[in-house]
Amino acid sequence: MTSTVRRLPVAMTAAAAIAFIVLAIVLVPWHPYPGGALRAPGVDTVFTAEQLQRATTYSHVARWVGRTSLLVSLAFACVLGFTRFGPAVARRLPRPWWLRALALVVLVTVLGRIVTLPFGVVLQHQQRRYGLSRQSWPSYLQDLALGTLVSVVATSIAILVLLGIMRRWPRVWPAIAGTVLAALVLIGSFVYPVLVQPLFNDFRSLPDGTLRTQVMQIAAQEGVRLDDVLVADASRRTTQINAYVTGFGSTRRVVLYDNLIDSLPRGEVLSVVAHELGHAKHDDVLVGTLLGVAAAFFGVGLLGLLLGPLTRRWADPSADSAVTGADSAGLVPLLLALFAIGSVLSLPVQNTISRQIETRADVTALRVTQDEASFVALQKRLAISSLADPTPPAWSQFVFGSHPTALQRIALAGRVLGGR
């Protein structure tokens, strides 16, 4: 590899890192509310002892089951990716290279699901035991299979594109692959609501009536163009209440869970709606997508730096392991392992940004509704219905917490509307 070729991934990585930082500074609301740090109320002033015991017991088990599953999944990916076992398996699969690569993606993804299935079963059992899940075991396994299929398709597209570009443009593949994969991130976020989400839920328009009129009034007040509000049939799977915004541009959707509409007082429903419209107002899905585009470009640049040394260290000397060679599909386990590691290492950054964005949406909801009591009642209800730990360990919240805690959100209400 010439010095020019070596410099390309370095330049890409640096440029993508700078772009990510600039986008994060400009687009992420780092100071979404006035004043200094929030002072959360005492947990025993918000929840009863029984509620705390129930949430703590469940969340402790769920937390460690989930973290152990993640570690097992990561270890499995690393065994295949960083030893000669992965390339040895690859050589036994059929050619040409694209068929071998596809077979490896299927094999690694399916086996990865199998090795973590016991943890998923334990977690599903806990959710059924605590009344969080209404899903039957056949339905659970069907969703698991469908999710695996979606993962296989998405991963196969990315891997085949990446390897194809490596083989066709061996000297400048990082720049081309980074551009193409970044475009796929953008396209994927755009089409996800219309191609993937309908596989898991049925959606219907929110019926005409007072609630729909109020939702449209809030959207108009906030300057959000809203062609429709959808209701998902989530109650057939879960007792938890939720809502979300997905897609952007012509595929943007505001989706409410049916059990949220059916079980919550109107003030709390409107607080949820205002929160989601806050996301829509600030194009938060697009913000996340643009950050994902920069991250994809950064990841490919970093891959360009790591791939040569890693393949030289772990490849079988007797095999053709060159990126452009006939056995280049043997890189698939290594690529998937690097992706798994990168995904875990990026969690603190992703979730730190997510918490800031969620806080801004909360501020929007409070300012729109001017209803502190409903907002506080909603946060209590959300925490109780999901059995969320109101005081998770600091490390866990930092790494895995995508939203502020219920106590932090209650304190936010006092700050925004009560000046406390």
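Write out, first by first residue and then by second, each pair whose Cβ atoms fall under 6 Å of each other, whose residues are 6+ apart or on separate chains, and whose first residue, in the stretch 234-247, is assigned by TED's automatic domain parsing to the domain that holds Asp258 and touching a residue at least 12 places away in the same chain (Cβ under 8 Å) while the second is part of a strand (DSSP E or B) and of a type outside the set (Phe, Trp, Tyr).
Close Cβ pairs (under 6 Å, with a partner that is part of a strand (DSSP E or B) and of a type outside the set (Phe, Trp, Tyr)) amount to Thr238/Ser133; Ala243/Leu256; Tyr244/Val255; Val245/Val254; Thr246/Arg253; Gly247/Arg253.
Taking the stretch 46-74 on its own, how many of its residues are surrounded by 15 or more Cβ atoms within 10 Å (Cβ to Cβ) and assigned to a loop (DSSP other than H, G, I, E, B)?
Result for the stretch 46-74: 1.
Just give me the residues in the stretch 173-194 being under 21 Å from the mean Cα position of the chain (by Cα) and among the hydroxyl-bearing types (Ser, Thr, Tyr), in sequence order.
Matches in the stretch 173-194: Ser189, Tyr192.
Could you go through the stretch 24-31 and let me know if any residue there is farther than 22 Å from Arg409 by Cβ and surrounded by fewer than 17 Cβ atoms within 10 Å (Cβ to Cβ).
Yes, because at least one residue in the stretch 24-31 is farther than 22 Å from Arg409 by Cβ and surrounded by fewer than 17 Cβ atoms within 10 Å (Cβ to Cβ).
Can you name every one of the strands (runs of 3 or more DSSP E) wholly within the stretch 191-255 that holds 2 or more residues which are more than 19 Å from Thr289 (Cα to Cα) and of a type outside the set (Phe, Trp, Tyr)?
Strands (runs of 3 or more DSSP E) meeting the threshold: 203-205, 229-232.
I'm checking my understanding of the structure. Among residues of the stretch 282-327 that are within 30 Å of the chain's Cα centre (by Cα) and among the hydroxyl-bearing types (Ser, Thr, Tyr), which one is modelled with the highest pLDDT?
If we take residues in the stretch 282-327 being within 30 Å of the chain's Cα centre (by Cα) and among the hydroxyl-bearing types (Ser, Thr, Tyr), then Thr289 is modelled with the highest pLDDT.
Yes/no per residue for (1) within 27 Å of Ile187 (Cα to Cα); (2) of a type in the set (Phe, Trp, Tyr); (3) touching an Asp or Glu at 6+ places or on another chain (Cβ under 7 Å):
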position: Arg204; (1), (2), (3): yes, no, no
position: Gln217; (1), (2), (3): no, no, no
position: Ala220; (1), (2), (3): no, no, no
position: Val224; (1), (2), (3): yes, no, no
position: Asp228; (1), (2), (3): yes, no, no
position: Asp233; (1), (2), (3): yes, no, yes
position: Arg236; (1), (2), (3): no, no, no
position: Thr246; (1), (2), (3): yes, no, no
position: Gly249; (1), (2), (3): yes, no, no
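The values are calculated or read from the model by the stated rules, or taken from the named source; none is laboratory data. Since the structure is predicted, the reported quantities are computational estimates derived from the model, not experimental observations. As a convention, Cβ positions derive from the backbone with ideal geometry for all residues, glycine included, and neighbour counts pool all protein chains shown.
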